[in-house]
Amino acid sequence: MSTPPASPSRPPVVSAGMVLVDRLTPPIPRMPRAGELIAVDQLYLNVGGGAANTSMALGRLNVPVSVSARIGDDAFGRFIVETLEAGGVGVGDVTVDRERETSQTLIVNVQGEDRRFIHTLGANRGYVAADMDAALATPPKVLHIGYFLILPQLDGTELAQRFDRVRAAGGHTILDVVTPGEGDYIEPLRKVLPSTDVFVPNTDEAALILGETDPVRQARAFRDMGARRVVVTMGDRGLVSLSDENEVRIGSFPVTFVDGTGGGDAFNAGYIVGLLEGKSELECLTLASAVGASCVRKVGATPGVFRRDELDDFLARHSVPIERLA
């Protein structure tokens, strides 16, 4: 493996974890039958994965950010680096894994249905907590982890140590997850949630982890494991957020849905913007909800995400319902 030299100046945000190449279809009327060809006007090739998606969204919001991740020594890896750089994202902490190929996901969008995924882990299979150490040499204001639990070598105890380092320096930690089917996810989370400032699962992931489908009870269970704030997102049904200061249910902003890819990652980017700007918890949630909603307006994880002036204009014209739970 080899790592490009890090920049002498560090951005305020490090987004670490999964990067990959997404191959996406536009919404098709139905899944093709065996042997059938369905023609579309365009197929899409984008960067994807939680670390890349959140970073690209932050770039559109004018927030300096660096990615810590692994790619393969191949054309797709170079595509990821070039795309991140074009999006204003730092790539000095991206490691080239010469033993594995770049990760890829095939995403099939069918009108009126949830997305279908076919995925290969590739170089993400080797990502470990020590991979982010160069990026944390100067502790960032925010350390975001994209897709914990799907990265088989990212150990919860070792990740908690990095989280503690950032928090000791006055920074914030944000943990996002992906649950690849049935598994024992409780123990890894017990190790890292006490060091987590904001935990952001969606309700389907939380149900798979906990065996509990109610989003309020899901959030309370994760709070009991030690997370300071828990935000359970529910797509167009909004979110539930619990902390010492607030227990709320927040609705969703009205947008035209095209593709849900990256909506949660864009939500995280919006939340990070709120943290960097010292906004209140409810302001962070509102801002994050708006950025997440903007993402689903176009195919892919980045093209629909608001620029900063668009975000400010949208928030000036729209509000979102907030219901206090306690």
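The values are calculated or read from the model by the stated rules, or taken from the named source; none is laboratory data. Model, not experiment: these values are computed from the prediction. Backbone-built Cβ (ideal geometry, glycine too); neighbour counts: all protein chains shown. The protein model used for the area step is the full one, side chains on, heavy atoms only, and it has no ligands, DNA or RNA in it. Shrake-Rupley method; radii C 1.70, N 1.55, O 1.52, S 1.80 Å.
So in region 255-267, with the set limited to residues that are outside any loop (DSSP other than H, G, I, E, B) and open to solvent by less than 20 Å² (accessible area, probe 1.4 Å), which one is farthest from THR302 (Cα to Cα)?
Of everything passing the filter in region 255-267, PHE267 is farthest from THR302 (Cα to Cα).
I'd like to check something: does region 106-120 contain any residue that is of a type in the set (D, E, K, R), modelled with pLDDT of 95 or more and in contact with a strand residue (DSSP E or B) (Cβ under 7 Å, 6 or more places away or on another chain)?
No, that holds for no residue.
Contact list please: Cβ distance under 6 Å, first residue in region 74-95 and more than 18 Å from ALA16 (Cβ to Cβ), second residue open to solvent by less than 10 Å² (accessible area, probe 1.4 Å) and assigned to a loop (DSSP other than H, G, I, E, B), pairs at least six apart or on different chains.
Pairs that qualify, where the first residue is more than 18 Å from ALA16 (Cβ to Cβ) and the partner is open to solvent by less than 10 Å² (accessible area, probe 1.4 Å) and assigned to a loop (DSSP other than H, G, I, E, B), are ASP74/THR102; PHE76/THR102.
Among the residues of region 192-230, write down those that are under 16 Å from THR179 (Cβ atoms), over 20 Å from the mean Cα position of the chain (by Cα) and assigned to a helix (DSSP H, G or I).
LEU210, ALA221
The conditions are (1) in a loop (DSSP other than H, G, I, E, B); (2) open to solvent by 30 Å² or more (accessible area, probe 1.4 Å), and VAL63 fails exactly one of them. Which is it?
(2)
Restricting the search to region 80-105, which residues are out of contact with any Leu (no Cβ under 7 Å at 6 or more places or on another chain) and either of a type in the set (Lys, Arg) or at pLDDT below 95 (or both)?
Those that are out of contact with any Leu (no Cβ under 7 Å at 6 or more places or on another chain) and either of a type in the set (Lys, Arg) or at pLDDT below 95 (or both): ARG98, ARG100.
In the list SER252, SER280, SER243, which residue meets the criterion of being open to solvent by 30 Å² or more (accessible area, probe 1.4 Å) and under 20 Å from ALA206 (Cβ atoms)?
So the residue among SER252, SER280, SER243 that is open to solvent by 30 Å² or more (accessible area, probe 1.4 Å) and under 20 Å from ALA206 (Cβ atoms) is SER252.
Among LEU151, LEU175, LEU143, which is assigned to a loop (DSSP other than H, G, I, E, B), at pLDDT 95 or above, crowded, with 24+ Cβ neighbours inside 10 Å and touching a strand residue (DSSP E or B) at 6+ places or on another chain (Cβ under 7 Å)?
From the options LEU151, LEU175, LEU143, the qualifying one is LEU151.
Open to solvent by 70 Å² or more (accessible area, probe 1.4 Å), at pLDDT below 95 and farther than 15 Å from PHE199 by Cα: does that describe ASP236?
yes
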